[in-house]
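**Q** Can you keep this structure in mind? I'll have questions shortly.
The values are calculated or read from the model by the stated rules, or taken from the named source; none is laboratory data. Given the structure is predicted, the values throughout are model-derived calculations rather than measurements. Every residue, glycine as well, gets a Cβ built from its backbone with ideal geometry; the counts of neighbours run over all protein chains shown. Just so you know, the surface numbers come from the protein's heavy atoms only, side chains and all, with ligands and any DNA or RNA stripped out. Shrake-Rupley method; radii C 1.70, N 1.55, O 1.52, S 1.80 Å.
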Amino acid sequence: VQEFAERDREKLPIICYENYSILHIAKILAETNDLTDFYHPAILAIRDYDEKNHTYYLETLWEYLIHVDNPTESSRNLCIHKNTFFYRINKLKELFQLNLNNGIERMRLLLTMEFMKYR
């Protein structure tokens, strides 16, 4: 955890473990496994799609998952209109067969994106 906290030491006066617990889990898993084995396959497909098509679906999905009940906040963070945000979410569901109504599915997607930060 210390190594993760060091990255933010200048920004944050107090370091809380809860802010780094997922990165700690990723570190432990990566010691004996290939972390990509734990990735949700849709995340890799979305990342590749974004790179190929110059879209921002992965960033949009991140905002959706972080602010699930607040599309206004998500669209503001993305600097897009709320209708554009909804359009992107619907395209994500359509293109990648995501069930964003399922909490376990949302957790797996978010956990994969957190693991990707570790790498």
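**Q** For K117, work out the one condition from (1) open to solvent by 90 Å² or more (accessible area, probe 1.4 Å); (2) free of Cβ contacts under 8 Å to residues at least 40 places away in the same chain; (3) in a helix (DSSP H, G or I); (4) of a type outside the set (S, T, N, Q) it doesn't fulfil.
**A** Of the numbered conditions (1) open to solvent by 90 Å² or more (accessible area, probe 1.4 Å); (2) free of Cβ contacts under 8 Å to residues at least 40 places away in the same chain; (3) in a helix (DSSP H, G or I); (4) of a type outside the set (S, T, N, Q), the odd one out for K117 is (2).
**Q** While we're looking at this one, here's another question. Where in region 13-86 are the helices (runs of 4 or more DSSP H), entirely inside, with at least 3 residues that are over 13 Å from E114 (Cα atoms), polar (S, T, N, Q) and at pLDDT 95 or above?
**A** Values: elements: 21-32, 41-53, 57-66, 71-78.
Where helices (runs of 4 or more DSSP H) fall fully within region 13-86 and carry at least 3 residues being over 13 Å from E114 (Cα atoms), polar (S, T, N, Q) and at pLDDT 95 or above, they are 71-78.
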